[in-house]
Each structure stands twice: as C-alpha cells, then as structure tokens.
1. Kindly indicate whether any position in segment 121-132 is in a helix (DSSP H, G or I) and free of Cβ contacts under 8 Å to residues at least 60 places away in the same chain.
2. Would you confirm whether or not segment 90-109 contains a residue that is outside any loop (DSSP other than H, G, I, E, B) and open to solvent by 80 Å² or more (accessible area, probe 1.4 Å)?
3. So how many residues does segment 120-171 have that are acidic (Asp, Glu) and open to solvent by less than 40 Å² (accessible area, probe 1.4 Å)?
4. Within segment 97-115, which residues are in contact (Cβ under 8 Å) with a residue 40 or more places away in the chain and among the polar types (S, T, N, Q)?
5. Could you please let me know if TYR78 is open to solvent by 30 Å² or more (accessible area, probe 1.4 Å), out of contact with any Gly (no Cβ under 7 Å at 6 or more places or on another chain), among the aromatic types (Phe, Trp, Tyr) and modelled with pLDDT of 90 or more?
Amino acid sequence: MLEELKNCPLCEGADFEKPISVKDHSISHEYFNISTCKKCGFQFTNPRPTEETIGKYYKSEDYVSHSDSKKGIINKLYHLVRKKSLKSKLDLINQIASHKKGRILDIGCGTGHFLQTCKKDGWQIEGMEPDSNARILAENNSAQKIYTDLFSIKEEQGYDMITLWHVLEHV
C-alpha cells in the first residue's frame, strides 16, 4: 500500500515537477516516483510506502546492515569496511563529547554494532530500530533492550549524544 503526498514534507508546497521513475533493483524490483517540490527543490518518494508496509522493502539477506550476513564477497567487504567505519564514528563522537563518556542513543541502530562499540568504550548505550529482525540482532549484539520507535523513548532520560547514522535517506 502506498500513500500519496499532496504537499511537500519539507516546506508544505503543493506544486511538483513531473516525477522521475526509478526502479528498486535490490529487493522489490518495483518502480517508484521521485517528486521534486517546485518551491524548495526537495526530492521525495511519492507515493511512498506506508509505515505498515515499509518493512518489506528491507527484508533481504542482501540488506547486510539488517541481516549481518557474511555470505558472498560484498558482505565480507562490508564487514571489513564496517570495522573501520565504527572506529571512525567512535572517534568522532568522542571528539565532539570532549572524551566525556555519557549516555548515547543511536536511532536506526541496525544490528547494534555501533552500540556495542560505544559500550566497549565506556558509553551507556540505548538504541532504536524499527525493523524487528535487525532489532533482535541489535539486542543480542549489544546485550541491551532496543526501542521499537521514537515514541517508546522517555524524554526525561536525557542523552549526552544522539546519533542517526544512515537514517535520513529512509525518512
């Protein structure tokens, strides 16, 4: 099921250029329209999958950040690159936090490897992951309960750092 947007999600403009059609080559093989707002230039999928149906577009062994699969050369390469990337991300947050370790929330934590890296470095970790399969892996990898959505997170808890690695392209 797809939902049609009548207004731009960024500026509320209602005038769009003729959409371009793109194919999802990795999982669904469906075509999606990308609309461009004439007012602000923002590009977005329209119509887009609903919250109830979006999950099926991530159900694949090929989507390694949600499966942790090590099958095939691409996945093996992904794991090598991820190791370096996790170190770079940890270095960045430690630099931003002036090396004061506190509470960190990783939104869209995937299989929890970044959280695990932070925990080993002394951070108090929490994560949020909407995909149930990835969330189970994240809970196992981080030994931490992972939130299912943003509404589950208690605002009064407060965080010293909030990260959203590889999230914006999904929203």
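1. Start the filter on segment 121-132 by keeping residues that are in a helix (DSSP H, G or I), which leaves 132.
With the extra rule that they be free of Cβ contacts under 8 Å to residues at least 60 places away in the same chain, the set shrinks to none.
No, because not a single residue in segment 121-132 is in a helix (DSSP H, G or I) and free of Cβ contacts under 8 Å to residues at least 60 places away in the same chain.
2. Among the residues of segment 90-109, at least one is outside any loop (DSSP other than H, G, I, E, B) and open to solvent by 80 Å² or more (accessible area, probe 1.4 Å), which makes the answer yes.
3. Taking segment 120-171 and keeping what is acidic (Asp, Glu), we get 121, 126, 129, 131, 139, 149, 155-156, 160, 169.
From what is left, the residues that are open to solvent by less than 40 Å² (accessible area, probe 1.4 Å) are 126, 129, 131.
Residues that pass the stated criteria total 3.
4. THR111
5. Numbers: open to solvent by 30 Å² or more (accessible area, probe 1.4 Å): yes; out of contact with any Gly (no Cβ under 7 Å at 6 or more places or on another chain): yes; among the aromatic types (Phe, Trp, Tyr): yes; modelled with pLDDT of 90 or more: no.
Criteria not met by TYR78.
The values are calculated or read from the model by the stated rules, or taken from the named source; none is laboratory data. No experiment lies behind these values; they were computed from the predicted model shown. Note: ideal-geometry Cβ built from the backbone for every residue, glycine included; neighbour counts use all protein chains shown. Calculation scope for accessible area: heavy atoms of the full protein, side chains included, ligands and nucleic acids excluded. Shrake-Rupley method; radii C 1.70, N 1.55, O 1.52, S 1.80 Å.
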